[in-house]
Amino acid sequence: MMLARMICLGIAVLRARALPRWVGVLFVVVPFLGAAGPQGAVSLAPDHLLFIGLFTVGVTQLREIHAPLLTSAAQRSSQVAASG
């Protein structure tokens, strides 16, 4: 079930183009890497790749949230400097 959900998430990311394309490709490839069942220390690679993708999603969203705040703060400071 997780395999199908991650593939659908990857396809949605690719179609929406709201995130870097490599994140969508990563979400599509990671379930297959995990299902392949690598042995030893390499077995954690799909998990680490998934965490990198999810971390990138979080960072991208935080940058989009804070970007308007930073621009509005810059506009206020330029207005204060112009009036003072």
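State the number of residues belonging to segment 16-52 that are more than 14 Å from the chain's Cα centre (by Cα) and either outside any helix (DSSP H, G or I) or within 19 Å of E64 (Cβ to Cβ) (or both).
So the answer is 3.
Any residue at all in segment 23-41 that's surrounded by 13 or more Cβ atoms within 10 Å (Cβ to Cβ), under 16 Å from Q61 (Cα atoms) and of a type in the set (A, V, I, L, M, F, W, C)?
yes
How do the pairs read when you match residues in segment 26-50 that are free of Cβ contacts under 8 Å to residues at least 24 places away in the same chain and more than 20 Å from I11 (Cα to Cα) with residues anywhere that are assigned to a helix (DSSP H, G or I) and among the small types (G, A, S), using Cβ under 8 Å and keeping only pairs 6 or more apart or on different chains?
Cβ pairs passing all conditions: G37/S43; P38/A45.
Taking L3 as the residue in question, decide whether it is of a type in the set (A, V, I, L, M) and either modelled with pLDDT of 90 or more or part of a helix (DSSP H, G or I) (or both).
yes
The values are calculated or read from the model by the stated rules, or taken from the named source; none is laboratory data. Just so it is clear, the structure is predicted and the values come from calculations on it, not from any experiment. Virtual Cβ from ideal backbone geometry, glycine too; neighbours counted across all protein chains shown.
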